[in-house]
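Just below is one structure, and these are the notes that go with it.
Read-outs throughout are calculated quantities, based only on the coordinates presented, and are distinct from any laboratory measurement. From a predicted model like this one, the values you see are computed outputs, not experimental measurements. FYI the Cβ positions are ideal-geometry reconstructions off the backbone, even for glycines, and counts take in every protein chain you see.
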Amino acid sequence: METARQQLEQAAAHIDLNQGIAERLKHPRHVHRVSLPLERDNGELEVLTGYRVQHDSVRGPYKGGLRYHPEVSEAECTGLAMWMTWKTAVMDLPFGGAKGGVVVNPKSLSEGEKERLTRRLAQELRESIGPLQDIPAPDMGTDAQTMGWLMDAYSMQQGETSPGVVTGKPPVIGGSYGREEAPGRSVAIITREVCDYYNHPLEGATVAVQGFGSVGANAARLLDSWGATVIAVSDVNGVAYDGDGIDVQRIPSHDEEPESVTKYANEVLSAAKLFEIDVDVLIPAAVGNVITQDNADTLQADIIVEGANGPTTSIGDEILRERNIPVIPDILA
């Protein structure tokens, strides 16, 4: 949230934005906090906390992801909702910005538990979401199946099928083909264009990718097919490294086989070492706040392409600017 607000202040100064408008945009319109009783498979009852932050709807219905992650908080959702407002506006889409999530480790949920949690979340947020009001989408820890459950539960409550309540649902119930691969494809396309802009031939350019989920894996595979040399990829267990290039096509993504990157590595490095590898392009595509004042001054990449939401802190960004290392922001990539 603080990073998003600092970026807003910097942008407002560049375009001479009215201070009152800038101040208003620092705060969301609505913050919904809900309690979610979840019956575990063993019969025990656990009450989880969920959030839906709706930042701005001047341009259209609120729009943004819904994540299941143990570090979900009101402040995190507020910052992410602000970024969604900027993203939809930059792309001239008729939406505003929102973000939400449940404070839970999705790895601890069985499929049945995840479905029950999602359906209860739909029930609790029923008055706050809808095709003309607020449209959730997949994010960390959620996927097309999650959106399918959410759509089904919402539709049952409305008494009619409402496919427009979510995006990112399975194509068989109205979702878009290629949607899951789209963010990673976008990162790869931007990387290709940036390399061309800075006279770094993509053919043979060395790339390191943090995170091997839908964004990181799809970006790495596409760049590899275009001739780039991916020499390092990572997940929470560490970094798979090979200076001659990794066959990223054979490494399963997180969705295909969770946390398996290091199983397929010739050489394994600690997760922090990823930021010390000398590469042409570094793509942080996992979580936020990973490039900070603690590692920005030793980072060895020539170009940073942000594939995650807010991977670079404001101080980290300033250090990289002083070092003349271009950072392609998440809002574009």
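Some points to look at:
- Of the chymotrypsin sites (Phe, Trp or Tyr not before Pro) found in region 156-248, the ones in coil according to DSSP and having at most 10 other Cβ atoms within 10 Å of their Cβ are Tyr177.
- Angle between the chain longest axis and helix 144-158 axis [Cα atoms, degrees, rounded to 10]: 20 degrees
- For region 9-17, 3J(HN,Hα) computed residue by residue from phi via the Karplus equation (6.51, -1.76, 1.60; θ = phi - 60°) reads 4, 5, 5, 4, 5, 5, 10, 6, 6 Hz, glycine and proline entered as x.
- Mean residue ellipticity (222 nm) of the chain, computed from DSSP H runs ≥ 4 via -39,500 (n - 2.57), nearest 500: -10000 deg cm²/dmol
- Distances between placed amide hydrogens fall under 5 Å for Gln133 paired with no residue 5 or more residues away or on another chain.
- Taking 0.36 nm per residue of separation and subtracting the Cα-Cα distance, full extension of the segment from Glu23 to Asp297 would add 95.4 nm.
- If you sort the three axes of the alpha carbon gyration tensor as a ≥ b ≥ c, you get a/c of 1.5 or more for region 60-156 and a/b no higher than b/c, which makes it oblate.
- Sorted by Cβ neighbour density within 10 Å, fewest at the top, the residues Ile328, Ile189, Ile21: Ile21, Ile189, Ile328
- 3J(HN,Hα) along region 227-243: x, 6, 10, 7, 9, 7, 9, 9, 9, 5, 8, x, 10, 8, 10, 7, x Hz, from the Karplus curve 6.51 cos²θ - 1.76 cosθ + 1.60 with θ = phi - 60°, whole Hz, x for Gly and Pro.
- For region 253-333, the square roots of the Cα gyration tensor eigenvalues, ordered a ≥ b ≥ c, give a/c of at least 1.5 with a/b greater than b/c, which places it in the prolate category.
- With a threshold of 27 Å on the Cα-Cα distance, the over-threshold entries among Lys99/Lys169; Lys114/Lys273; Lys26/Lys273; Lys114/Lys169; Lys63/Lys114 are Lys114/Lys273; Lys26/Lys273.
- For region 301-316, 3J(HN,Hα) per residue [Karplus equation, 6.51 cos²θ - 1.76 cosθ + 1.60, θ = phi - 60°, Hz, x = Gly/Pro]: 7, 7, 9, 10, 10, 7, x, 9, 7, x, x, 10, 6, 4, 5, x
- Mean Cα-pair separation over length for the chain, i.e. relative contact order, pairs under 8 Å, 6 or more apart, %: 11 percent
- Region 100-148 versus region 248-304: alpha-carbon centroid distance in Å: 28 Å
- Between region 161-178 and region 47-94, the alpha-carbon centres lie 19 Å apart.
- Across region 33-97, the relative contact order, built from alpha-carbon pairs under 8 Å that are at least six residues apart, equals 33 percent.
- Between helix 182-197 and the chain: long-axis angle, C-alpha atoms, 0 to 90°, nearest 10: 30 degrees
- For region 107-258: relative contact order, % (alpha-carbon pairs under 8 angstrom, 6 or more apart): 15 percent
- In this structure, the amide hydrogen of Gly65, modeled 1.01 Å from its nitrogen in the peptide plane, lies closer than 5 angstrom to those of Gly100, Ala137, counting only residues at least 5 positions away or on a different chain.
- With respect to the chain, whose longest principal axis is taken over its alpha-carbon atoms, helix 74-90 is tilted by about 70°.
- For Val72, the residues whose modelled amide H falls within less than 5 Å of its own, excluding neighbours fewer than 5 places apart on the same chain, are Val104.
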